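Down below is the structure, laid out as structure tokens.
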Amino acid sequence: SVGVAAAAPDAGPGPAWQSKCPWGAPSTTSISCSLADVMSEQLAKELQLEEENAAFPEVVAAAEGPFITGENIDTSSDLMLAQMLQMEFDREYDAQLRREEKKINGDSKVSISFENYRKVHPYDSDSSEDEVDWQDTRHDPYRADKPTTTPRRGFIGKGKDITTKHDEVVCGRKNTARMENFAPEFQVGDGIGMDLKLSNQVFNALKQHAYSEERRSARLHEKKEHSTAEKAVDPKTRLLLYKMVNSGMLETITGCISTGKESVVFHAYGGNSATEDKVIPPECAIKVFKTTLNEFKNRDKYIKDDYRFKDRFSKLNPRKIIRMWAEKEMHNLTRMQNAGIPCPQVVILKKHVLVMSFIGQDQVPAPKLKDVTLSSEDMKKAYYQILNMMQQLYRECNLVHADLSEYNMLWHDGKVWLIDVSQSVEPTHPHGLEFLFRDCRNVSQFFQKGGVAEALNERELFNAVSGLNITADNEVDFQAEIEALEKMNEDHVQNHGKKLSTFSSDGDPPIYDE
Ligand code: ADP
Ligand code: MN
């Protein structure tokens with residue numbers, strides 16, 4: 001399809017539909033309320049808030065007051081509001097455009113498109129700025145070319161035209177070229193076409209300065225990062241959260257429960273919108289997967305080899321990969337829910353933001369297993385429950401948690417709840433069994449230290465969970481066998497183009513499920 005501007009009827013300075021304002025002619029009624037009134041109302045609100053805060057300090061202490069609510073939107077959110085309005089406007093504009101397009105085309109066989117007039121809103125997630133291809137980020141097209149080097153022997157040319165690497169002119173030019181390698185934010189000025197020749201002394205002084213500037217700017221940057229971590233989310237995410245409150249899905253977002261390396265988790269009170277034919281839990285946890293590039297890199301190995309995401313991985317840009325983490329957590333939680341494993345219930349997924357039920361009460365999250373002191377009876381109970389859950393996870397959900405430890409298990413309502421499953425993989429993942437073994441080690445060490453005499457050691461636990469029968473009686477051999485099994489599975493994939501549905505440790509033919 002092509003964007004044919006001239007084909008629009010009444011093509012004047014702007015397309016025809018712009019002159020017909022969808023809201024009709026603006027009425028010129030006088031404003032019923034003065035600016036001063038608005039200001040004083042705002043002041044009154046602020047004063048009341050202050051008073052309330054003084055009267056109920058304990059509510060405020062929990063989290064510095066709700067930071068996103070339906071009613072209490074202060075002026076700092078004006079930008080946000082404007083962006084939301086703009087978005088709404090753009091949506092209506094586009095809808096109108098689509099109607100016009102349809103009207104003009106009718107059922108003609110040749111159609112014209114208004115695509116080029118469509119608004120691309122900068123705050124919408126899929127703006128073109130995002131569409132950096134994932135592959136492209138590995139090769140930086142803007143990196144300066146390597147400066148040409150003098151060969152080992154230290155000179156070029158022949159006879160009396162020999163130039164050595166110590167030649168003052170060559171050296172000076174080379175020094176100038178090397179400035180390209182300074183940090184990009186370091187201003188070296190514009191020397192193009194000036195044939196600048198820097199002496200070694202000047203160059204070294206500049207280099208020293210560039211390095212110390214780089215360190216200083218890194219420090220400043222770190223500070224800035226930190227302060228955004230306190231506000232916890234970037235504007236795009238904030239907007240997403242606003243929309244959730246605005247739509248009535250959430251009542252209030254009260255504050256932050258946890259800021260980890262890969263995610264930030266908020267507490268929220270559920271709203272009463274009964275849309276999506278789902279009941280919203282009274283209290284929700286919102287997990288926002290961080291959209292910074294650095295942290296998720298070390299997670300590559302989990303997702304890259306997960307065949308469920310294999311086809312999509314190579315084509316995606318980093319932002320989309322982060323969304324995939326959220327998606328993975330959602331799918332894995334749903335599987336666990338279906339198997340009856342105690343875990344948060346998924347409410348909704350929007351881009352990289354996952355809303356789930358809150359494990360805990362009255363804004364207080366349930367403690368991690370590492371933070372509670374359980375009676376020896378409860379400890380034993382918890383152990384058997386976990387053993388059971390690990391088996392269910394493996395057999396019924398076809399999953400390995402892959403980050404199971406006392407940090408990702410919460411103690412609530414007299415039982416253990418599993419959380420944090422974005423990295424969970426299927427057992428036939430190329431490293432699935434290694435992940436399972438690590439999980440087993442964490443669990444058995446925790447409970448052996450915690451005085452549960454019945455706790456199996458990591459190798460016994462591994463066999464009990466997986467149903468495999470690895471007989472090695474020491475860790476090294478055991479791990480070697482695990483890796484051999486994984487290798488066998490990979491070879492099978494190579495030869496047959498698909499995975500085994502289960503592992504079998506003896507020489508039996510593999511079991512398929514078709
Ligand atoms: P991370 O990848 O950052 O470890 P987690 O999913 O483990 O992310 O969440 C971090 C912390 O947030 C948890 O240790 C837990 O204290 C809290 N948390 C996460 N989800 C919930 C939930 N559904 N209910 C209550 N607390 C939660
Ligand atoms: Mn965690």
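The values are calculated or read from the model by the stated rules, or taken from the named source; none is laboratory data. These numbers come from a predicted model, not from an experiment. So basically every Cβ, Gly included, is an ideal-geometry build from the backbone, and we count neighbours across all protein chains shown.
If you check every pair at least six apart or on different chains, which have Cβ atoms under 9 Å apart with a residue in segment 480-497 that is within 18 Å of residue 436 (Cβ to Cβ) first and a residue that is in a helix (DSSP H, G or I) and charged (D, E, K, R) second?
482/434; 483/434; 486/434
Output the residue which, of all residues in segment 397-414 that are within 14 Å of ligand 2 (Cβ to nearest atom) and either outside any loop (DSSP other than H, G, I, E, B) or out of contact with any strand residue (DSSP E or B) (no Cβ under 8 Å at 6 or more places or on another chain) (or both), is farthest from residue 376 (Cα to Cα).
403
Determine if segment 366-376 includes at least one residue that is crowded, with 18+ Cβ neighbours inside 10 Å and more than 22 Å from residue 456 (Cα to Cα).
yes
Here are some residues: 256, 284, 343. Which one is closer than 26 Å to residue 417 by Cβ, part of a loop (DSSP other than H, G, I, E, B) and modelled with pLDDT of 90 or more?
From the options 256, 284, 343, the qualifying one is 343.
Considering 278, 261, 287, which residue is among the basic types (Lys, Arg), loosely packed, with under 15 Cβ neighbours inside 10 Å and touching a residue at least 40 places away in the same chain (Cβ under 8 Å)?
278
Of these, 390, 324, which one is surrounded by 18 or more Cβ atoms within 10 Å (Cβ to Cβ) and at pLDDT 95 or above?
So the residue among 390, 324 that is surrounded by 18 or more Cβ atoms within 10 Å (Cβ to Cβ) and at pLDDT 95 or above is 390.
Out of all the residues in segment 347-364, is one or more within 16 Å of ligand 2 (Cβ to nearest atom), at positive phi and small (Gly, Ala, Ser)?
yes
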